[in-house]
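Have a look at the structure below, then the notes.
The values are calculated or read from the model by the stated rules, or taken from the named source; none is laboratory data. These figures come from a predicted structure and were not determined experimentally. A quick note on method: Cβ atoms are made from the backbone with ideal geometry, for glycine too, and the neighbour counts reach across all protein chains shown.
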Amino acid sequence: MPTATGSQAAVRPAKLLWILFTSYFMFGMVLNVVGVIIPVLIKQYNLSLFAGGLLAFAFYIAFGVCSVPAGLVADRVGPRPVVLAGVFLMAAGCAAIPLATSFGVTGIMAFAVGSGVALLQTAGNPLIQHLDRPENYHRNLTLTIGFCGIGAFLGPFLLNALQSAGHSWHTLYFCFAVLCALLLAMLALARFPDREVVSGEKLRVGEIARLLRHPIAITYSLAVFFYVGAEVGTASWIVKFFEKVHGVMAQTAGRADGGLSSFALPPLPVLTLSLYWGLQGVGRLISGPGIQKLGPRTMLRAYAMGALGCLLLAMFAATNVTAFAFAACGFFTSVLITLLFSGAIHSFKQSQGAISGLLVTASIGGAIVPPLVGLAGDHFGMRAAMVVPALCFLYVLVISFIGKAKYEEEESGAHS
């Protein structure tokens, strides 16, 4: 008779792990190219900056709306239906965006895509630990983050290549839809672990309500809210910042040089956005030794200070320095979310699933802050508007000094 360990090992479908890596690569491309699309839609529909920022709102508000319900459904029926539904929504939303005849319809389709990503992450993140040997879990989580970062980095390059070849930005979303449909087919044919294998701590709404009265849960949920808001609020407006402040446009189609470099290398604003996400992925992959040597609290302080300092430099520097500073800001955002999550979760011996769900829900900061940046840009200009994400980074920096979360190596008695 097989042992429990042998039985669990036998049902670990490693191929599914690589399909999930590809799925995260896809949603990295789909979500993080929005910073290039926003300026295009502003011109196409003659929108205010605030209205343009609502596209990011449509994508990211889905995390707040869908994460907890998706977790509850995954607990009840298992991760497979939730993952499949998520990728289906991504495919359907991407296919419908090019067909939209108004900005409002585009926003609705963007919400569908964001909902799909929320479902995929909510069910997919816990599933990853059951698709390989337990000792590989943290490595696989790092690879997941890395694949997402590669997708975010390559998205603007793919858009530039399509536009340089004379295609509309709509073609990008048709490509996304086809790739998501292929992923959906692979997931539908893949073998998932048995529900009993992936059963763990259940997400309970009552526990979340109780945590909302806990100081650490509140302050660190706000930190996640402001961090994601600052990350997305910065990236969503990099391209428009170059246009408004430095007079550098992001148009790629029909460029005068027409050579190979114009096809392969995006213009400076798009390249900067790509590097922002790319260096974020690099930072997540290489910052582990620094966290081990200096400790998570020190790294949180250093990287929060770096992100804020680089953003402030980008606001007031010359064009080339601005590009460097925005890209470097992306690097320093790399481990902030991980350290905020780990500090909050390690502060609770119980209800770790509930605090995780609360922190994921706090990612709606990515929906709220970008329109606020656009609103400030409408009234005070884009340079002043970047004060909004700067203040968000400032909150994270303050929490890194006065926050009461406990990290593993500091802990002698965690909160209950």
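Of the residues 328, 367, which is closer than 19 Å to residue 56 by Cβ and modelled with pLDDT of 80 or more? Only one candidate passes the filter, namely 367. In the range 22-50, the residues that are more than 18 Å from residue 385 (Cα to Cα) reach residues that are of a type in the set (S, T, N, Q) and surrounded by 20 or more Cβ atoms within 10 Å (Cβ to Cβ) with C-beta atoms within less than 6 angstrom, at least six apart or across chains, in these pairs: 24/144.
Only residues that are in a loop (DSSP other than H, G, I, E, B) and either in contact with a helix residue (DSSP H, G or I) (Cβ under 8 Å, 6 or more places away or on another chain) or closer than 22 Å to residue 77 by Cα (or both) were counted in the range 99-134, giving 6. Considering only the range 361-386, how many residues are over 16 Å from the mean Cα position of the chain (by Cα), in a helix (DSSP H, G or I) and surrounded by fewer than 24 Cβ atoms within 10 Å (Cβ to Cβ)? The number of residues fulfilling the criteria is 10.
Yes/no matrix, rows are residues, columns are (1) over 16 Å from residue 27 (Cα atoms); (2) without any contact (Cβ under 8 Å) to a residue 24 or more places away in the chain; (3) of a type outside the set (S, T, N, Q):
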| site | (1), (2), (3) |
| --- | --- |
| 71 | yes, no, yes |
| 85 | no, no, yes |
| 97 | no, no, yes |
| 116 | no, no, yes |
| 122 | no, no, no |
| 134 | yes, yes, yes |
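Comparison of 131, 179, 189 shows that the only residue that is under 23 Å from the mean Cα position of the chain (by Cα) and either surrounded by fewer than 19 Cβ atoms within 10 Å (Cβ to Cβ) or modelled with pLDDT of 90 or more (or both) is 179. The residues of the range 1-45 that are aliphatic (A, V, I, L, M) and either modelled with pLDDT under 85 or on the phi > 0 side of the Ramachandran plot (or both), listed by number, are 1, 4, 9, 10, 11, 14. In this structure, residue 116 does not satisfy being crowded, with 23+ Cβ neighbours inside 10 Å and farther than 20 Å from residue 180 by Cβ. Of all residues being of a type outside the set (A, V, I, L, M), closer than 22 Å to residue 154 by Cα and touching a Phe, Trp or Tyr at 6+ places or on another chain (Cβ under 8 Å) in the range 26-52, which is surrounded by the most Cβ atoms within 10 Å (Cβ to Cβ)? Just the residue, please. Taking the candidates together, the pick is 35. Taken over the range 309-344, the criterion of being of a type in the set (A, V, I, L, M, F, W, C) and more than 19 Å from residue 239 (Cα to Cα) is satisfied by 332, 335, 336, 337, 339, 340, 341, 344. Just to verify a result, which residue in the range 261-270, among those that are among the hydrophobic types (A, V, I, L, M, F, W, C) and over 17 Å from residue 326 (Cα atoms), is modelled with the highest pLDDT? Checked the range 261-270; the qualifying residue modelled with the highest pLDDT is 265.
Whether a residue is at pLDDT below 95, closer than 20 Å to residue 15 by Cα and not hydrophobic (A, V, I, L, M, F, W, C) was assessed, and residue 160 does not pass this test. Beta carbons closer than 8 Å, at least 6 apart along the sequence or on distinct chains, pair a first residue in the range 373-384 that is closer than 17 Å to residue 316 by Cβ and among the β-branched types (Val, Ile, Thr) with a second that is outside any helix (DSSP H, G or I) and modelled with pLDDT of 95 or more for 373/236; 373/237; 373/386. Figure legend. Inter-residue proximity from the range 224-235: first residues free of Cβ contacts under 8 Å to residues at least 60 places away in the same chain, second residues in a helix (DSSP H, G or I) and buried (at least 24 other Cβ atoms within 10 Å of the Cβ), beta-carbon distance below 6 Å, spacing 6+ or different chains. No pairs are indicated. Of all the residues in the range 271-316, those that are among the β-branched types (Val, Ile, Thr), under 20 Å from the mean Cα position of the chain (by Cα) and modelled with pLDDT under 95 number 2. There is no residue in the range 81-91 that is out of contact with any Lys or Arg (no Cβ under 7 Å at 6 or more places or on another chain), part of a helix (DSSP H, G or I) and within 23 Å of residue 284 (Cα to Cα).
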